[in-house]
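The values are calculated or read from the model by the stated rules, or taken from the named source; none is laboratory data. This structure is a prediction, so every number in the text was calculated from the model and none was measured. Ideal geometry is used to build each Cβ from the backbone, glycine not excepted, and the neighbour counts take in all protein chains shown. What goes into the accessible areas is simple: the full protein's heavy atoms, side chains included, and nothing from ligands, DNA or RNA. Shrake-Rupley method; radii C 1.70, N 1.55, O 1.52, S 1.80 Å.
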Amino acid sequence: MSQPRVHLTAPPAVVWVARTLEDHGFETWAVGGAVRDGLAGRPSGDWDLTTRARPKDIRRVFRRTVPVGIEHGTVGVLARDGTMYEVTTFRRDVETDGRHAVVSFADRIDDDLARRDFTVNAIAWHPLTERLHDPFDGRGDLERGVLRTVGEPEERFREDYLRVLRAFRFAGRFGLDIDEATWAAISGVSDRLRGLSAERIRDELLKVLDTDPVPSRALGLYAESGALGALYPELDDVRCAETAGPGPSAWEIACAVVDTLPVGNALLRLGALLRPLGAEPSAQLLFRMRLSNAQVDRTLRLVTAPPLPDPGAPDAEFRRWLSGVGRDVWPASARLELAFARTRRALGVDAGSDPDAVVGAWRTARRVRDAGPPLAVGDLALDGRDLISLGLRPGPRFGEILDELLDWVLDDPSRNQTELLVERVLAMETPGRA
C-alpha cells in the first residue's frame, strides 16, 4: 500500500544520490534499517538505496564508485565528503536452499520488497517525494509492536534459516512480539540452524550484544525457541542447570549483568555471558565462533580473571593481579566484577563480592598501576640478550628464568635494576651460590 508523505531526516547525500539516478531515468528508493528506525522514532544509521539501475548504469552515472558487491548488484557511491552509500539494483529470488539465495535483477520495487524477511524491513521511502511504499504494512506492525514475516513464515525461513536469528535480534532490539504464525515456524526449525556458517551465526549474536540495550530479551528468545541449545549448548547447559536455592540461576544472573553493560562493547558482554562456564567450555565456544586469536585470548582472560584482591591487601597482591590479568584487560575485568556484584545485590543474591569492596579494590589497583611498576616480562631491565651475554644457552629455560625474575620483581619493584637482576640470575643458575 502507498501511504501519504512521511518526513524522515536523511543526509543530503542520500537525496543527491536519489536525484542523480532519477534524473537519469532510474527509479530509486531508500530501504532497510534507516527507514525502519526513522519510522520507529530512533536515530537512523546507515542509509541504503535500491534502484532500477543496473550496476553498470550506477558506475556510469557517478564518477566515484566502489564495487562492494557487484555480483549481488551493489555498488558503493562516494559522496563529496567521502561517505559511501550502498546502492543495489532491484532484485528478486530465483532459487534458495536455506543458506543463501540465487537472485536476479528486477525492474519493480515491489519485487525487491517481496524478497525481504520481515514486514518492518520491507518498507521503501522515496527521498525526493517523501512517499512511503509499504505493501506489507510494516509500518502498522511497528506501531502494533509485532514482528511478522513477509508472506508465509515457513517459506521465508526455508529460504534462509539465518532469518530465525534475525527475528530474535529485531524482536529484542525493538521490543516486538513475534506473531503466532512466525513463532510456530521458528520453533520447528531450530535443528536446521546448525547448517548455517559459523561466521553468520557468530555475527548475529555479536550484533545483539553490540547494539541492543537489553540483550536478555533476544537471548531469551534464543533459549525459548531451542536455538540456544542447537548453537551454543554450553550456554544452554548453564541455563538448564539446577540452582541451589530459590534465587536466580547463574544464567539469569549473567543475562542481567549483560543488560547493565553498555552497548558498543560486544566482547565485554560476551565475557559476562561466558563467566559461568569457566575456561575450557568457553574456549571451545569461542573457537567454534571463529573469532580471531586476539579476540579469543582477550575474552578468555575476561572469563577466567580471578577476583580483585581485598581493598586493604598489600600492593604486591595487586601487582600480581594486574600482571596476571594483563594491562589491556584489567579495567574490563574489574568492570565485570563490579557489574556482577551490583547485579547480585539487586537480585537479592548474597553470594559474591560486595560492590563497595570492588570499587575500593578498583581504586587501589588503579593507584598501583599508575605507579608504573613492571608487570610483564617485557618491563624487566634484563632480556634474553643479557642472558646470552652471561654465557647462558638460549632455550626454554630462558622463559622460565624471565618468569622467575618477574615474580621476584613483583614483590618489590625496586629490584628491577640490571645489576640486581644479573646477580639474581647468577644465584639461580650457579650451583651452591647464595
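Could you list, in sequence order, all residues of the range 326-358 that are under 22 Å from residue 267 (Cα atoms), among the small types (Gly, Ala, Ser), without any contact (Cβ under 8 Å) to a residue 60 or more places away in the chain and part of a helix (DSSP H, G or I)?
Taking the range 326-358 first, the residues under 22 Å from residue 267 (Cα atoms) are 326-344, 358.
Then keep just the ones that are among the small types (Gly, Ala, Ser); that gives 326, 332-334, 339, 341.
Applying the additional criterion that residues be without any contact (Cβ under 8 Å) to a residue 60 or more places away in the chain yields 326, 333-334, 341.
Matches in the range 326-358: 333, 334, 341.
For the range 320-341, what are the residues that are crowded, with 22+ Cβ neighbours inside 10 Å and among the polar types (S, T, N, Q)? Listed by number, the list holds a single entry, 333.
Comparison of 384, 372, 348, 399 shows that the only residue that is at pLDDT below 95, out of contact with any strand residue (DSSP E or B) (no Cβ under 9 Å at 6 or more places or on another chain) and at positive phi is 348.
When you look at residue 175, is it surrounded by fewer than 16 Cβ atoms within 10 Å (Cβ to Cβ), out of contact with any Leu (no Cβ under 9 Å at 6 or more places or on another chain) and not β-branched (Val, Ile, Thr), yes or no? Answer is yes for this residue. Applying a threshold of 6 Å to beta carbon distances and a minimum spacing of six or more residues, or different chains, the list of pairs starting in the range 176-193 at a residue that is touching a residue at least 12 places away in the same chain (Cβ under 8 Å) and ending at one that is crowded, with 20+ Cβ neighbours inside 10 Å and charged (D, E, K, R) reads 179/148; 182/148.
Looking at 249, 216, can you tell me which residue is within 26 Å of residue 355 (Cα to Cα), at pLDDT 95 or above and either of a type in the set (Gly, Ala, Ser) or in contact with a Phe, Trp or Tyr (Cβ under 8 Å, 6 or more places away or on another chain) (or both)? Reasoning before the result, please.
On the way: 249 fails: at pLDDT 95 or above.
So the residue among 249, 216 that is within 26 Å of residue 355 (Cα to Cα), at pLDDT 95 or above and either of a type in the set (Gly, Ala, Ser) or in contact with a Phe, Trp or Tyr (Cβ under 8 Å, 6 or more places away or on another chain) (or both) is 216.
Applying the selection to the range 389-434, what residues are hydrophobic (A, V, I, L, M, F, W, C), outside any helix (DSSP H, G or I) and surrounded by 11 or more Cβ atoms within 10 Å (Cβ to Cβ)? Residues satisfying the conditions are 390, 392.
The conditions are (1) open to solvent by 10 Å² or more (accessible area, probe 1.4 Å); (2) part of a helix (DSSP H, G or I), and residue 128 fails exactly one of them. Which is it? Of the numbered conditions (1) open to solvent by 10 Å² or more (accessible area, probe 1.4 Å); (2) part of a helix (DSSP H, G or I), the odd one out for residue 128 is (2). Within the range 134-146, is even one residue among the aliphatic types (A, V, I, L, M), outside any strand (DSSP E or B) and touching a strand residue (DSSP E or B) at 6+ places or on another chain (Cβ under 9 Å)? No.
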